[in-house]
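Report on one structure; see the data block that follows.
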Amino acid sequence: MEAVKQGSATVGAQSKNFAVLATLLRTQSELSSTTNKLFKIDDHVGIAMSGLTADGRLLSKFMRNECINHNFVYESPMQVRRWLLSSI
């Protein structure tokens, strides 16, 4: 239950041309610093996470590697639609 109490809110909004991600930064105690909840995956892709930061870092590292591999093989940036179709 303590892990649930340490989480913070993450909100995303999307329009036809743009998307915006926002997170709430808060510290668990006065002595600790805030943790980054927004991660840049590629020049055109980013993610925001709520919950445990270790899981988010692992996921962002995997997604970065996939984008790098796709760019190396196809010489073009990975489309966001591919992420959506591969997760279904």
Exercise for review: Considering every residue within segment 58-65, establish whether at least one is farther than 17 Å from SER8 by Cβ and either touching a Gly at 6+ places or on another chain (Cβ under 8 Å) or surrounded by 14 or more Cβ atoms within 10 Å (Cβ to Cβ) (or both).
Suggested key: yes
Point to revise | helices (runs of 4 or more DSSP H) within the chain that include 2 or more residues modelled with pLDDT of 90 or more | key: 53-74
Point to revise | Residues of segment 37-75 satisfying the condition of being small (Gly, Ala, Ser) and in contact with a helix residue (DSSP H, G or I) (Cβ under 8 Å, 6 or more places away or on another chain) | key: GLY51
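The values are calculated or read from the model by the stated rules, or taken from the named source; none is laboratory data. Predicted model, so just to flag it, every value in this text is computed and none were measured. Neighbour counts are summed over all protein chains in view; Cβ atoms, including those assigned to glycine, are modelled from backbone coordinates with ideal geometry.
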